[in-house]
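Participant: Quick one: the structure is below, questions incoming.
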Amino acid sequence: MDKNLKIFTKNLDLFYGTNQALKKINIQIEENKVTALIGPSGCGKSTFLKTLNRMNDLIHNVKITGEVYLDNLNVYEQFDIVDLRKRVGMVFQKPNPFPMSIYDNIAYGPKIHGIKSKPKLDDIVEKSLKNAALWDEVKDRLKQSALGLSGGQQQRLCIARVLAVEPEVVLMDEPTSALDPISTLKIEDLIDELKEKYTIVIVTHNMQQAGRISDNTAFFLTGEIVEYNETEKIFNIPSDKRTEDYITGRFG
């Protein structure tokens, strides 16, 4: 693999109490690429995703050993958590807009990070909504509640909200699983555009989606990475029988 790495992990283990959810995860995530994490439910994909911006810190009884690096800095030792979450944004499975206006949803993060100037905030809101392919649909209703948007629009709003603080990495945990096919396609097109500026890591249950949008794919099973390679190789010539069985629908 090209060694233009954004994130890598070394022997990452994670325990919920005595239950080991991640086992010796070693992965190299390339900059400006889309990396898909696939595997059956409960295999550790989302748990792993959340180690990358320390969302698991919020969970009681979690113990993490091993190392996670972002730009060669140890995420658990060399980062202030607020700075880390600014650089590594997250989009969740269900759209979760704040109960406020479309404008305020986007301006929220920049304000927290100290931007107070109205012209600057206006500019960030417009740019973020454009980057999330939503501007044309909402530009005349920025003062209206974000909760009035459709599900697909809400998810693109959540992506715009992440982009507003200018992250370097965008984590997506099954971002289209609650959406209809047309909204799903819009988000997939968007992901393809975003990788020019961002490094994207996406958890997906949808094999076709992983095949369509990702450059590299990691197949997780019972807390381990069975195989990690270019997506084309994983889908066409997997080196592990378990990968082939999962992709062809024999289990999962």
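Participant: Answer yes or no as to whether residue 133 is in contact (Cβ under 8 Å) with a residue 40 or more places away in the chain, out of contact with any Pro (no Cβ under 9 Å at 6 or more places or on another chain) and either in a loop (DSSP other than H, G, I, E, B) or on the phi > 0 side of the Ramachandran plot (or both). Before the answer, list the steps.
Facilitator: Details: in contact (Cβ under 8 Å) with a residue 40 or more places away in the chain: yes; out of contact with any Pro (no Cβ under 9 Å at 6 or more places or on another chain): yes; either in a loop (DSSP other than H, G, I, E, B) or on the phi > 0 side of the Ramachandran plot (or both): yes.
The answer is yes for residue 133.
Participant: Against the definition (in a strand (DSSP E or B), over 20 Å from residue 174 (Cβ atoms) and not hydrophobic (A, V, I, L, M, F, W, C)), how does residue 35 come out, yes or no?
Facilitator: Values: in a strand (DSSP E or B): yes; over 20 Å from residue 174 (Cβ atoms): no; not hydrophobic (A, V, I, L, M, F, W, C): yes.
No.
Participant: Given the conditions (1) surrounded by fewer than 21 Cβ atoms within 10 Å (Cβ to Cβ); (2) farther than 30 Å from residue 125 by Cα, which single one is not true for residue 195?
Facilitator: (2)
Participant: In the stretch 110-130, which residues are assigned to a helix (DSSP H, G or I) and either within 23 Å of residue 190 (Cβ to Cβ) or of a type in the set (Val, Ile, Thr) (or both)? Give the derivation first.
Facilitator: Kept after step one, since they are assigned to a helix (DSSP H, G or I), are these residues of the stretch 110-130: 110-112, 118-130.
The answer is 110, 112, 121, 122, 123, 124, 125, 126, 127, 128, 129, 130.
Participant: Tell me the residue from 110, 99 that is over 15 Å from the mean Cα position of the chain (by Cα), crowded, with 19+ Cβ neighbours inside 10 Å and not β-branched (Val, Ile, Thr), please.
Facilitator: Values: 99 fails: crowded, with 19+ Cβ neighbours inside 10 Å.
Testing whether each residue is over 15 Å from the mean Cα position of the chain (by Cα), crowded, with 19+ Cβ neighbours inside 10 Å and not β-branched (Val, Ile, Thr) leaves just 110.
Participant: Does the stretch 213-234 hold any residues that are surrounded by 19 or more Cβ atoms within 10 Å (Cβ to Cβ) and farther than 19 Å from residue 25 by Cα, and which are they?
Facilitator: 213, 214
Participant: Would you point out the residue of the stretch 54-93, among those that are within 20 Å of residue 194 (Cα to Cα) and not hydrophobic (A, V, I, L, M, F, W, C), that is nearest to the chain's Cα centre (by Cα)?
Facilitator: 89
Participant: I'd like to check something: does the stretch 57-66 contain any residue that is small (Gly, Ala, Ser), modelled with pLDDT under 95 and over 29 Å from residue 183 (Cβ atoms)? Step through it out loud before you land on a result.
Facilitator: Step one: list which residues in the stretch 57-66 are small (Gly, Ala, Ser), which gives 66.
Checking the rest, the ones that are also modelled with pLDDT under 95 come to none.
No, the conditions are met nowhere in the stretch 57-66.
Participant: I need the full set of residues from the stretch 65-92 which are closer than 18 Å to residue 200 by Cα, without any contact (Cβ under 8 Å) to a residue 60 or more places away in the chain and either in contact with a Cys (Cβ under 8 Å, 6 or more places away or on another chain) or surrounded by 13 or more Cβ atoms within 10 Å (Cβ to Cβ) (or both), in order please.
Facilitator: 75, 84, 85
Participant: Please count how many residues of the stretch 65-81 are part of a strand (DSSP E or B), more than 29 Å from residue 247 (Cα to Cα) and of a type in the set (A, V, I, L, M, F, W, C).
Facilitator: Number satisfying all stated conditions: 2.
Participant: How many residues does the stretch 41-64 hold that are outside any loop (DSSP other than H, G, I, E, B) and surrounded by 12 or more Cβ atoms within 10 Å (Cβ to Cβ)? Step through it out loud before you land on a result.
Facilitator: Of all residues in the stretch 41-64, those outside any loop (DSSP other than H, G, I, E, B) come to 45-51, 55-58, 62-64.
Restricting the remaining residues to those that are surrounded by 12 or more Cβ atoms within 10 Å (Cβ to Cβ) gives 45-51, 55-57, 62-64.
Qualifying residue count, the stretch 41-64: 13.
The values are calculated or read from the model by the stated rules, or taken from the named source; none is laboratory data. Everything quoted here is computed from the prediction, not taken from an experiment. Methodologically, a virtual Cβ is constructed for each residue, glycine included, from the backbone with ideal geometry; neighbour enumeration extends over all protein chains shown.
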